[in-house]
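Here's the structure, in structure tokens; my notes come after.
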């Protein structure tokens, strides 16, 4: 072990130059076991709980008027107050450009998510939102 030094019965690895960087030629992401799914039950403002670092939220298909927001809380034990939650609308029946989705409040254990109808008309669709948590210390 040329890059290690003996400390008795084990070896202590040396500092590795460049260890602070993550470089990949392949995909980086969560395994299937780290992802989950949840569905809103009664309205687009109904909170959901999913304790996974990534997943899929299927929103309720209640009507949402144009230029209107629906905000709900995702309760998730993986979220800390310093994290970043990435949200994207999955490709489903809604036309591209019909909605915006964004996180607007973050706290330890939860994030507030807002869906905004920007289509120019009332829509009644079960929008699917993908999320992933980037943990920051």
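Structural remarks
- The single condition among (1) closer than 18 Å to residue 40 by Cβ; (2) in a strand (DSSP E or B) that residue 126 does not meet is (2).
- Hits in the range 128-137 - residues which are out of contact with any strand residue (DSSP E or B) (no Cβ under 7 Å at 6 or more places or on another chain) and surrounded by 10 or more Cβ atoms within 10 Å (Cβ to Cβ): 135
- Residues of the range 46-101 classified as under 14 Å from residue 126 (Cβ atoms) and over 15 Å from the mean Cα position of the chain (by Cα), total: 13
- Looking only at residues of the range 93-110 that are surrounded by fewer than 18 Cβ atoms within 10 Å (Cβ to Cβ) and either within 14 Å of residue 61 (Cα to Cα) or in contact with a helix residue (DSSP H, G or I) (Cβ under 7 Å, 6 or more places away or on another chain) (or both), we find that the one that is modelled with the lowest pLDDT is 93.
- Look at the range 77-89: where a residue is at negative phi and in contact (Cβ under 8 Å) with a residue 12 or more places away in the chain and a partner is assigned to a loop (DSSP other than H, G, I, E, B) and crowded, with 17+ Cβ neighbours inside 10 Å, sitting 6+ places away or on another chain with Cβ atoms under 6 Å, you get 78/53.
- Subset of the range 100-123 [out of contact with any strand residue (DSSP E or B) (no Cβ under 8 Å at 6 or more places or on another chain) and in a strand (DSSP E or B)]: 107
- Scanning the range 111-127 for residues that are under 12 Å from the mean Cα position of the chain (by Cα) and surrounded by fewer than 18 Cβ atoms within 10 Å (Cβ to Cβ) yields one hit, 112.
The values are calculated or read from the model by the stated rules, or taken from the named source; none is laboratory data. Predicted model only: the values in this text are computed from it and were never measured. Backbone-built Cβ (ideal geometry, glycine too); neighbour counts: all protein chains shown.
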